[in-house]
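Notes follow once the structure below has been shown.
Since every read-out is calculated from the coordinates, none of them should be taken as a lab result. Because the structure is predicted, anything quoted here is derived from the model rather than measured. Note: ideal-geometry Cβ built from the backbone for every residue, glycine included; neighbour counts use all protein chains shown.
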Amino acid sequence: MESAAGKLRSVADRPVKLKTGAEFKASLDDGRQIWVGGRKLDKVTDDPALSAGIDLIASMFDDQFTEEFADATTYEDPQTGAIVSRAWQVPRTLKDLEDRRKIIEYSSLKTAGTFGRPPDLAPAIAVGLLAYLPTFRAKKSLIEGCSPDFAENIQNYIAFGRDNNLTASESLTGPQNDRSSPKGVEASLLRVKSVEKGGIRVSGAKTVGSISAQANEIFFTNLGGIRETPAEACIWASVPINADGIRMISRETVSHPGADPFDHPVASLGEEADQLIIFDNVFVPTERIFNLGDPTAMQYYGPVCTFAHWHVLTRLAVKAELFVGAGQLVLDVLGTSHIPAVQGMLGEIIEYAQTLRAFVYAAEAKAKPTEGEVMAPDVGMLTAGRLYSIQHYPRIIHTLQELCGQGLVMRFGKAAFENPEIGHYLRDLLPGKGVSAMAKEQLMNFVWDMTSGSLAGRVALFENVNASPAPRLRERLYNEVKRDGFMAQVKKLAGME
Ligand SMILES: Cc1cc2nc3c(=O)[nH]c(=O)nc-3n(C[C@H](O)[C@H](O)[C@H](O)COP(=O)(O)OP(=O)(O)OC[C@H]3O[C@@H](n4cnc5c(N)ncnc54)[C@H](O)[C@@H]3O)c2cc1C
């Protein structure tokens, strides 16, 4: 029988530049060097947790060919007329921005918000570079012997990613070492080692490259950590993750691949793993370099990452709505919804979700075209929303746990329910309001995976720091939100003029 992908490809009168899940999986079997738990993998799919995560991502590729998800995940590229992934859509208007949000909401729901770097995240950084194209066009390489055309490279990279339905990871931060010593940071700093025909060679390390081992490319730069980034470390670039000299060391995995989906509805889906990425004399071709040697381009982290940060906030809003849904279901199955104090606890989760949505909509409503004519969400709203989202996250998790009472801990598993000797006790003693004991436990298992298990622990830590911890976000608010108008109002009211 012809697959949906094959059908779409044969009937469409336009080119369809989308990969199937199988094609995506095949693209990962490329000799990439990855270690998990000290063991080198022959293929990235040899590790169960990475493999389950890859299956989940592959299903997102297949969804592109379904009627249900085609609109959320694909669009017709105005430049080429081809059907391509929305991940690479460049929003030029407010409507484009709303449309681009569809794939963020889609990938957030698909992973229950547990993948902070789904396939549509890293392209948002490439789009961020495009948003400042005139700036990057005006910049020149300060590394002798290598003179990339940054603007042309940015445009070509977007076309390359779009036409190949590419997935990428992004690593902007450096490894954690002695922060008090510039030497500590410099030892691991990714930098240009030599220039040769057609490109440069870089060595150093990038850290916490979430999803790197499960993607096609890595998009990188150096952020913060040292007061003045030396010219040879001022770089924005991208290389395939299987490039010679790249070695990935994965952290301990935390999901439950292979578990019965009843027991672990979310954690059985695997995870996006995080990797320390060693660059040992890696060749970066001239055409994949978007800045080289110019420290002023490094200050564009905030503006360039605006679209990625909009993604982060939108995903958290979607996840907050899942917390509301889960909370209401808990009240329903426990029969606690008539208790005012319980209603108040759910009210707090609703407030969180509504507030995050409001920040997303406000950032879009206040969006403005950048110098490169890309419609960019308002950074002040995004940063305030992100700060609110991470400050309240632990309390919201705790409140949802609180609503569940003993049910969140006293979970027994499908095998116990199916055991003829003890299953009837569980079924008879633990039913909820209008639902069986098993249905009640299934809901608790979902809440466990979202709030309490090892996967939820990693995700909570991720939310706290993945796109800058709270103290840095407060600093950004101080530096980026204009107060002149407010000050003028105070002066007027106080009679200071
Ligand atoms: C699970 C996970 C996934 C991640 N994924 C990615 C990814 O995909 N790509 C990527 O680029 N990065 C990723 N990150 C890294 C993230 O960007 C960093 O953790 C974050 O920038 C904080 O840097 P650090 O961890 O090196 O903190 P450190 O520099 O070691 O500092 C520790 C703490 O001190 C405080 N602090 C330090 N310096 C300052 C300062 N100047 N101002 C205010 N407070 C400060 C903060 O509270 C900070 O958390 C991920 C992190 C985690 C935990």
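Observations on the model:
- Test item: Cα-centred dipole of segment 305-487, Lys/Arg +1 and Asp/Glu -1 on Cβ, debye: 260 debye
- Residue pairs exceeding 30 angstrom between C-alpha atoms, taken from Lys43/Lys440; Lys40/Lys193; Lys25/Lys197; Lys139/Lys491; Lys43/Lys206; Lys19/Lys319: Lys43/Lys440; Lys25/Lys197; Lys139/Lys491.
- In order through segment 152-166: 3J(HN,Hα) via Karplus (6.51 cos²θ - 1.76 cosθ + 1.60), integer Hz, x for Gly, Pro: 5, 4, 4, 4, 5, 5, 4, 5, 5, x, 4, 6, 10, 6, 7
- Label-point gap, in nm, between Arg474 and Gln406 - each point 7 angstrom along Cα→Cβ: 4.1 nm
- If R0 equals 41 Å, the separation of the Cβ atoms of Arg427 and Asp42 corresponds to a calculated FRET efficiency of about 0.35.
- Ordering 239-246, 214-221, 35-42 by mean Cβ neighbour count within 10 Å, with the highest value first, yields 214-221, 239-246, 35-42.
- For segment 181-191, Karplus couplings with θ = phi - 60° (6.51, -1.76, 1.60), whole Hz, Gly/Pro x: 10, x, 5, x, 5, 5, 4, 9, 4, 6, 8
- Packing-based ranking, highest mean first, of 114-120, 24-30 given that Cβ atoms within 10 Å are counted: 114-120, 24-30
- Only the Cβ atoms of Lys and Arg (+1) and of Asp and Glu (-1) were treated as charged; on that basis the dipole of segment 210-327 about its Cα centre amounts to roughly 260 debye.
- Positive-end residue of Thr253, Tyr352, Gly423, charge dipole of the chain with Cβ unit charges: Tyr352
- Computed from phi, the 3J(HN,Hα) profile of segment 40-46 under the Karplus parametrisation 6.51, -1.76, 1.60 (θ = phi - 60°) reads 7, 8, 5, 10, 4, 6, 6 Hz, with x in place of Gly and Pro.
- Cα radius of gyration and Dmax for the chain (Å): 24.0, 84
- Point-to-point label distance, Leu223-Lys366, nm (Cα→Cβ direction, 7 Å offset): 2.1 nm
- When segment 127-298 is reduced to its Cα atoms, the Kirkwood hydrodynamic radius in Å: 17.0 Å
- In summary, segment 361-495 shows an alpha-carbon radius of gyration equal to 1.67 times the 2.2 N^0.38 Å reference for compact globular proteins.
- Each of the peptides 469-478, 127-136 was scored by the mean count of other Cβ atoms within 10 Å over its residues; in descending order, highest first, they stand as 127-136, 469-478.
- Cα-derived Rg over Rh, computed across segment 74-128 with Rh taken as Kirkwood radius: 0.97
- Charged side chains reduced to their Cβ positions (Lys and Arg at +1, Asp and Glu at -1) give the chain a dipole of some 1220 debye around its Cα centre.
- Values of log10 I(q)/I(0), in the order q = 0.27, 0.33 Å⁻¹, for segment 225-267 under a Debye, Cα-only, solvent-free model: -0.97, -1.09
- Only helices enter the 222 nm calculation for the chain: every DSSP H run of n ≥ 4 contributes -39,500 (n - 2.57), and dividing by all residues gives -15000 deg cm²/dmol, rounded to 500.
- Built amide H within the under 5 Å cut-off of Ile34, gap 5+: Leu41, Met248
- Counting Lys and Arg as +1 and Asp and Glu as -1 over every other residue whose Cβ lies under 10 Å from the Cβ of Ile396, the net charge comes to 0.
- GluC sites (Glu not before Pro) lying in DSSP loop within segment 323-386, provided at most 15 other Cβ fall within 10 Å: Glu371, Glu373
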